[in-house]
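The values are calculated or read from the model by the stated rules, or taken from the named source; none is laboratory data. Keep in mind it's a predicted model, so treat the numbers as computed, not measured. As a convention, Cβ positions derive from the backbone with ideal geometry for all residues, glycine included, and neighbour counts pool all protein chains shown. Note: accessible area is taken over every heavy atom of the protein model, side chains too, but ligands, DNA and RNA are not part of it. Shrake-Rupley method; radii C 1.70, N 1.55, O 1.52, S 1.80 Å.
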Amino acid sequence: MPDNAVISVESVGISRAQRAVLQDFTLHISAGVHQVIVGPSGVGKSTLLGLICGVLTPQHGRVIVFDKDLASLNAAARDKLRATHMGVVFQTLGLASALSVLGNLSLAQTMAGIQHDDAFATALLSDLGLADRGDAKPRHLSRGEAPRAAIARALIARPKLFVADEPTASLDPHWRDTVLDMVFAQAARDAMTIVMSTHDQAIADRFGAVLTLPQGQPS
Amino acid sequence: MIRLVLAHMLDRPMPVALNTLLIAFSGALLLTLASLSQHLTTRFANDMADIDLVVSAKGSPLQVILSSLFHVDVPTGNIPLDAADALAKDPLVGQAIPIAVGDRFRGFRVVGTNLDYLALYKAKAQVGAIDIAADNAVIGAAAARALSITIGQKFAVTHGLSGDGGAEHDSHPLIVTAILAPTGTVLDRLIVTSVEAVWEAHGIEAHGQHDSEHVDDSDHDHENHHDDEDDHDHEDNHGHEVEDDHDHAHHDEQGANAQEVTALLIRYGSPLAAVRLPQKINEQTDLMSAVPAYETARLLSVFGIGRDVAQLITAGLALLGGFAIFASLWSALDRRETDMALYRLLGAQPPQLLSMLLL
């Protein structure tokens, strides 16, 4: 395991629905790296992100994130680590339906245990074109707005690690580029590590490190 | 976290309101039943006021207790004053309080007795001064409230304990001297005067020598007598309709003008009296004794059946409520599975998740 790796996936094997998704898979991601994972559907991109987030547990091998072997942590501790160190955008977005957009941002700050920064929240929403959508419930957001709200929530706590599963899939090119610009800007400002999956080669081209699955090895 | 829970509640107000109502209704029902049961037992105990024995004319012991202690039934008959006096002198008797009932005023019973009866219930005047000598009367708190009666007011009582009819004893009105403070007992619903006032209302002359404070002092012969029950047919029945079939032949034997009381409320003079006095009265006199504690227990056991049924129904309702709550929780869990997973992903800890599920 490299000294400066914030993520180490070591000899991991995992099967889902009785199908081996990753076998003897190894990946190290250093602090500050912008890592993109590309590949066709079903090759294990989301599974890999799930392992890194501690949402999934490998049958073999181990996953170490921020020097913590996730298998050694109980579920609550893994959840806590995720809340305090990671900003995650799920494929399903996972916005809390009972809360407004601002409420979702506020919840993420609460879970991370940080002071609420309303100015930062407003600025984030404004940069993502959601300035007037702060009070809207997720069910009232359009297909283009909801991913941006989820990205804002992932960034609000200024995480050390940004993990996103195809966050720009439903965005038009303008917002796709704007979102990426924002994420890269925050990564530069806060020394944030990025791990993102995508189908979009245009996005992959902007990343310094590209992992193509199913080869199973970093390029 | 509270804000999050509130947000969830506001996001689905109808199920939250219905569940809250359901839980509140089930809880209220259980508490009400428990409270009613407790209230009934306490009320009986208060109304009994440490009376050990009630002596009355032969009949149903339960009826004697109901009519003479709780004032909810008609008496079994009357007992001659001389018999009451003789009994009061028995060394086994610690205290004997006579009561004479048979009249009412706008639905509230008039009880002829002495000051000892008021002392039994620790009666205190809320307005006026307690005086039940001669035609003076004091009014129980609930009765006074319902009657809107005032101190010094005169009123004519009506013959009979219940019903709409009955002749008014216009010639012997009672005078209100006090309105009693609430006692939480049957006294609150009574109008209390002297035994003599009851007699005089019925045309029985109460000679000056008689003092109803001490029933054993009385040995008078009176011209006329009325049964104190409205429901009996009397020789001088004031034109009333009878409501029950009691045949008080003893009235005729003793003469219609004899002084009588409805019952004697007795406190034992010694522990031995509990064993010997009831038996002695029942076997050696024409009187009958009824033990309030025993009769009340019997009555409560009868009520107990109804209470058990009510408890069963309530328990069933509570069970249904419990099932409904469980179903609601299950549904909430099902509905919020995604939310819960999401909150876990965001870092929510088990207690926070549980509070969200329950609320």
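A single entry from A:Ala187, A:Ala169 fulfils the requirement of being within 19 Å of the chain's Cα centre (by Cα) and outside any helix (DSSP H, G or I): A:Ala169.
Would you confirm whether any residue within the range B:57-73 is assigned to a loop (DSSP other than H, G, I, E, B) and aromatic (Phe, Trp, Tyr)? Yes, there is a match, as at least one residue in the range B:57-73 is assigned to a loop (DSSP other than H, G, I, E, B) and aromatic (Phe, Trp, Tyr). Got a sec? Which of B:Leu81, B:Leu53, B:Leu6 is open to solvent by 20 Å² or more (accessible area, probe 1.4 Å) and either among the hydrophobic types (A, V, I, L, M, F, W, C) or assigned by TED's automatic domain parsing to the domain that holds B:Leu319 (or both)? None of the other options fit; the residue is B:Leu6. Given the structure, is A:Gly42 within 11 Å of another protein chain (Cβ to nearest Cβ) and within 19 Å of the chain's Cα centre (by Cα)? So A:Gly42 does not fit the description; no.
Looking at A:Leu141, A:Leu107, A:Leu125, A:Leu99, just one residue is at the interface with chain B (Cβ under 8 Å from one of its Cβ atoms), more than 30 Å from A:Asp69 (Cβ to Cβ) and not polar (S, T, N, Q), and that residue is A:Leu99.
Scanning the range B:100-140 for residues that are in contact with a Pro (Cβ under 9 Å, 6 or more places away or on another chain) and either more than 14 Å from B:Leu187 (Cα to Cα) or in a strand (DSSP E or B) (or both) yields B:Val101, B:Gly102, B:Gly112, B:Thr113, B:Gln126, B:Asp135.
Residue check: is A:Ala96 surrounded by fewer than 22 Cβ atoms within 10 Å (Cβ to Cβ) and among the aliphatic types (A, V, I, L, M)? For A:Ala96, the condition - surrounded by fewer than 22 Cβ atoms within 10 Å (Cβ to Cβ) and among the aliphatic types (A, V, I, L, M) - is not met.
Scanning the range B:106-140 for residues that are open to solvent by less than 20 Å² (accessible area, probe 1.4 Å) and within 15 Å of B:Pro173 (Cα to Cα) gives B:Val110, B:Val111, B:Gly112, B:Ile132, B:Ala137, B:Val138, B:Ile139. Among residues of the range A:103-125 that are open to solvent by 30 Å² or more (accessible area, probe 1.4 Å), those with a Cβ under 8 angstrom from a residue that is outside any helix (DSSP H, G or I) and of a type outside the set (S, T, N, Q), sequence gap 6+ or separate chain, pair up as A:Thr110/A:His116; A:Thr110/B:Met1; A:Ile114/A:Ala157; A:Ile114/A:Arg158; A:Asp117/A:Ile156; A:Thr122/A:Gly134. In the set B:Ala7, B:Ala17, only one residue is over 30 Å from B:Ser301 (Cα atoms) and within 14 Å of chain A (Cβ to nearest Cβ); that residue is B:Ala7. Here is the figure for the range A:63-86: residues that are under 19 Å from A:Ile37 (Cα atoms) and more than 10 Å from chain B (Cβ to nearest Cβ) total 3.
Looking at A:Pro138, A:Pro58, just one residue is under 20 Å from B:Tyr343 (Cα atoms) and either open to solvent by 10 Å² or more (accessible area, probe 1.4 Å) or not basic (Lys, Arg) (or both), and that residue is A:Pro138. Pairing each residue of the range B:141-153 that is assigned by TED's automatic domain parsing to the domain that holds B:Gly184 with any residue that is surrounded by 17 or more Cβ atoms within 10 Å (Cβ to Cβ) and part of a loop (DSSP other than H, G, I, E, B), provided the two are 6+ apart or on different chains, yields C-beta distances under 7 Å for B:Ala143/B:Leu190. When the residues of the range B:342-359 are filtered to those that are more than 7 Å from every other protein chain (Cβ to nearest Cβ) and open to solvent by 80 Å² or more (accessible area, probe 1.4 Å), which remaining residue is modelled with the highest pLDDT? Within the range B:342-359, the match that is modelled with the highest pLDDT is B:Pro351. Name, by its number, the condition in (1) within 14 Å of chain B (Cβ to nearest Cβ); (2) aliphatic (A, V, I, L, M); (3) part of a helix (DSSP H, G or I) that does not hold for A:Ile114. (3) is the only condition that A:Ile114 fails. For the range B:58-78, the tally of residues that are more than 16 Å from the chain's Cα centre (by Cα) and open to solvent by 10 Å² or more (accessible area, probe 1.4 Å) stands at 4.
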